[in-house]
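K.L.:
For reference, the structure I am asking about is given below.
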Amino acid sequence: MIGTVLCYVLLPAARLLQALRDAFFTCQKNVFLAKSPPTQIEGACAATRGRLVPEEQEALLQQWLEEGAGNLPASESVPAVRKVSVTLTSDWLEGSELLMTSLSDLNTSPEITRCADQQLSELNALASSELQDHTVAELTRLPAEETVTAASSIPWAAEVPQTDHQTAGCAGINVEVLNDDPAVLAWSLACDAETAPPVLPAQLIQDAVPFYPVPTEVPYHEILWRDWEDLSVQPCVLEQISKDTSLFEFRVMSYNILAQDLVEQGLDLYVHCHPDILSWNYRLPNLLQEIQHWDPDVLCLQEVQENHYWEQLEPTFKEMGFACFYKRRTGTKTDGCAVCYKQSRFQLISLSPVEYFRPGLDILNRDNVGLVLLLQPVLPEGLGLKAVSPLCVANTHVLFNPRRGDIKLAQVALLLAEIDKIARATEGSYYPVILCGDLNSVPDSPLYKFIRNGELSYHGMPAWKVVSGQEDFSQQLHSRKLLAPLWPSSLGVTDKCQYVTLCQPKKLGRRQYSRDFLLQFRFCDVACERPPQLILLEGVTDAKPVASAREHSAVTTVLKPHNVLSFLGKQCSGVIQHGLNLTSVYSHFLPHRGRPEVTTMPMGLGATVDYIFYSAEPVENKAGECRRLYKDGELKLLGRLSLLSEDVLLMANGLPNPFCSSDHLCLLASFGLEISSL
């Protein structure tokens, strides 16, 4: 509204003065909170508790009121006793709107924000710095509601900022508590006023769960608090660990850190974020602080931008005692996967990068990659003749496209074949395996069940359904379906996710004699005799001696078309398997909240796509159960960092936010490897 508004306040003049003074201090508090970091706010408010308002402020406020009343036209002079007539010009009207606006409204209204900036100089000139010192004292005296009757008879009230622990201002947070909070020490976002990015409102995303603006004073460390779950005290774990058994304990972290190039290529996915918190200079310190706080011994990262890795991440990790290995995605992609391990805890036995791209194969025409390492744990000195098994660690980031589950399944099969080769100990046994990564699939998807249960019947299954489960394309008339075999035999990988060269049965005595030694007997009588098991094939084995009727019958049986098709059908059954016995660190459900766990928030929708799988021993299932059950074997799960639910992340305006600088949550687990005597 622009113009003159005549307000009749049916209050004594002294009470009007008190109300205006209280509203003025409310305005000062809002501007102060909007312009100051949390530590400055707390310091200013803590230093003023218990002080009284100086008499000089009464004079300033009286002068302010008189200047406002001086703008009244002559026809609108002061009315009768107990009625005060005040004329508000457009400037004074903006001031009144600012007085009655909470901090959250300031953040969501650009008009009010501009007004606040314009009047900041006037407010500073009007009140000395001591006004900030009396914010808390005056707020306690502010009435819960002051009703003022305007020309339209619509009541309005001064709004007192909320004090709920999820929306309370930073002024209400105790500095001592913050300093004692390990999460705040780890990911402290405290910056000086020059570097602290302003928080702008969240914009609604179409066709998705809306993000709601969160006031700048929201204590992110309280909303996004994650508990450490100690699983070593559970009875099922204690039963498997004898008193005489010692463990080599270590921590593994899996983290998709969000490559900066992908942020800039998909800004429409992050419209709910202020641009400043999306910058790499802002996100990098937060990510490093988070990693340093949790102090993993093995670190598996996805979406690691190549130039950031070589210029910033690898030098920093080396200073932290890590040995680092990186594999960039093939083609023109600029990000990849990295695996780092503490050199004081592990030694490298072998390293195998995996490229999923195969020229000429539509099933493997994408540029995703993986890394497989075989590590030897380093035992502390003084243990004597002790030994611990090597550990296989794999890290990958598979294709995102939810329509191409066939590609995702083939990529995972290649990775499992590489793990089978690296982790193979003796015939039929493997070293303990830990598989980390962003698999772009949800826990009830067929791909997840394949990794966990070791088997998947994929023939005839819609491609979109195989992996992600995040989108439903069942309404499409011509959806792509998976047919057997999923990949050609030229790939060299069997349907048991093993390399053909490794799974062929070994012949006893093979290559026992050299070729030159065997050539000495090429003219002997034995060499000229036809082996009795040799099948007759025209032009190949039809030489002397002449084939018997029995052999002709055998050849006919082998070459009949229906027998050939039956043979090929057994080889192409549409079932894929692996024998690594992997289970997930996480249960994917929060029982105390009754909600699913979430590792990412694409377009405002929570989902679990990041995993840590580890080797376990299968338990015999009851009749009719399809889900494979496991118990800890040589590798034991000792603890994990809890995940969050979708509603909690929505309270923090999704991911990323000023507290979490990636669009994924990190996964962290503690393991123990049994130490045996030599």
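The values are calculated or read from the model by the stated rules, or taken from the named source; none is laboratory data. Everything numeric in this text was worked out from a predicted model, so none of it was measured. Cβ placement follows ideal geometry from the backbone for every residue including glycine, while neighbour counts extend to all protein chains displayed. Surface accessibility is based on the protein's heavy atoms, side chains included, excluding ligands, DNA and RNA. Shrake-Rupley method; radii C 1.70, N 1.55, O 1.52, S 1.80 Å.
K.L.:
If only one of 395, 440, 401 is within 24 Å of residue 617 (Cβ to Cβ) and not acidic (Asp, Glu), which one is it?
P.N.:
Exactly one residue qualifies, and that residue is 395.
K.L.:
Please enumerate the residues belonging to region 284-307 that are open to solvent by 20 Å² or more (accessible area, probe 1.4 Å) and either part of a helix (DSSP H, G or I) or of a type in the set (A, V, I, L, M, F, W, C) (or both).
P.N.:
284, 285, 288, 289, 292, 293, 294, 306, 307
K.L.:
Scanning for something out of contact with any strand residue (DSSP E or B) (no Cβ under 7 Å at 6 or more places or on another chain), on the phi > 0 side of the Ramachandran plot and surrounded by fewer than 23 Cβ atoms within 10 Å (Cβ to Cβ), does region 433-454 turn up at least one residue?
P.N.:
no
K.L.:
Under the condition of being in contact (Cβ under 8 Å) with a residue 40 or more places away in the chain and either part of a loop (DSSP other than H, G, I, E, B) or open to solvent by less than 20 Å² (accessible area, probe 1.4 Å) (or both), which residue from region 261-283 is nearest to residue 337 (Cα to Cα)?
P.N.:
283
K.L.:
Can you find, within region 211-258, the residue that is farthest from residue 398 (Cα to Cα) among those that are assigned to a loop (DSSP other than H, G, I, E, B), at pLDDT 70 or above and polar (S, T, N, Q)?
P.N.:
245
K.L.:
Continuing with the same structure: Which of the strands (runs of 3 or more DSSP E) contained wholly in region 320-402 include at least 1 residues that are under 20 Å from the mean Cα position of the chain (by Cα) and crowded, with 24+ Cβ neighbours inside 10 Å?
P.N.:
Of the strands (runs of 3 or more DSSP E) lying wholly inside region 320-402, those with at least 1 residues that are under 20 Å from the mean Cα position of the chain (by Cα) and crowded, with 24+ Cβ neighbours inside 10 Å span 335-342, 369-377, 391-397.
K.L.:
Restricting to region 407-430, name every residue that is out of contact with any Phe, Trp or Tyr (no Cβ under 7 Å at 6 or more places or on another chain) and either assigned to a helix (DSSP H, G or I) or surrounded by 24 or more Cβ atoms within 10 Å (Cβ to Cβ) (or both).
P.N.:
Passing the criteria: 407, 408, 412, 413, 415, 416, 418, 419, 420, 422.
K.L.:
From the list 451, 419, which residue is of a type in the set (Val, Ile, Thr) and over 22 Å from the mean Cα position of the chain (by Cα)?
P.N.:
Of the residues listed, the single one that is of a type in the set (Val, Ile, Thr) and over 22 Å from the mean Cα position of the chain (by Cα) is 419.
K.L.:
Which of (1) at pLDDT below 95; (2) farther than 19 Å from residue 493 by Cβ; (3) of a type outside the set (D, E, K, R) does residue 434 not meet, given it meets every other one?
P.N.:
Tallying (1) at pLDDT below 95; (2) farther than 19 Å from residue 493 by Cβ; (3) of a type outside the set (D, E, K, R), residue 434 fails exactly one: (1).
K.L.:
Further, regarding this structure: Anything in region 652-678 that is over 30 Å from residue 386 (Cβ atoms), open to solvent by 10 Å² or more (accessible area, probe 1.4 Å) and more than 11 Å from the chain's Cα centre (by Cα)? List them, or say none.
P.N.:
653, 658, 659
K.L.:
Limited to region 588-620, what total is found for residues that are open to solvent by less than 70 Å² (accessible area, probe 1.4 Å) and assigned to a loop (DSSP other than H, G, I, E, B)?
P.N.:
9
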